[in-house]
Amino acid sequence: MATNVIETREISVTPTVDTSIYASGDVIGGVMTFANALRSYTRAGKLVAATLFDKTAASTLAACTLWVFNADPTSSTTTDQGAFNLADADVTKVAGIVAFTSDHVFDGGTGNQVIYQAGLYVPVTGQAPTNTNTDDTDLYAVLVSGGTPTFAAATDLIVRLTIEQD
């Protein structure tokens, strides 16, 4: 089935990060909500890029994984600085997974870096609307550390998703 791209949206979230060292496998910043990532009448799109803006240049941030969900993973362990644990009840909420490596790191030269993963083509669909679910256009994400990054300030990380809305 062919779809037409109606609009491309870039949605950024600044999670509150801890300034203490993270362990490999820790959640960085908790669950992030990307509001209105999908159109309300189609609840569909494609994740085409994911970007991490690191104002600290935390050298091991590059080895991390971004889990994208079509509904809030409320049964999973997603607390900042806690080990990520995907609950069985949330497995079907996974809309896509983006793995960042050192190949995706671009050094800003002034103590910052951009970690950019482009060329993605991950179809994403929101949850069907119900009487209790009015956020069917939102996507959610959890960033999981693959190293031991340390941030200088609570606002040193910005996560951006680029979505082609259908």
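The values are calculated or read from the model by the stated rules, or taken from the named source; none is laboratory data. These numbers were taken from a predicted model, which means no experiment stands behind them. So basically every Cβ, Gly included, is an ideal-geometry build from the backbone, and we count neighbours across all protein chains shown.
Couple of notes before you dig in:
- Condition met for T137 (over 15 Å from V31 (Cα atoms), polar (S, T, N, Q) and not in a strand (DSSP E or B)): yes
- Taken over region 17-37, residues that are surrounded by 22 or more Cβ atoms within 10 Å (Cβ to Cβ), assigned to a loop (DSSP other than H, G, I, E, B) and aliphatic (A, V, I, L, M) amount to 2.
- When each of T60, T110, T65, T74 is tested for being surrounded by fewer than 18 Cβ atoms within 10 Å (Cβ to Cβ), part of a loop (DSSP other than H, G, I, E, B) and modelled with pLDDT of 90 or more, the lone residue that passes is T74.
- Test result for L47, without any contact (Cβ under 8 Å) to a residue 24 or more places away in the chain and surrounded by 15 or more Cβ atoms within 10 Å (Cβ to Cβ): no
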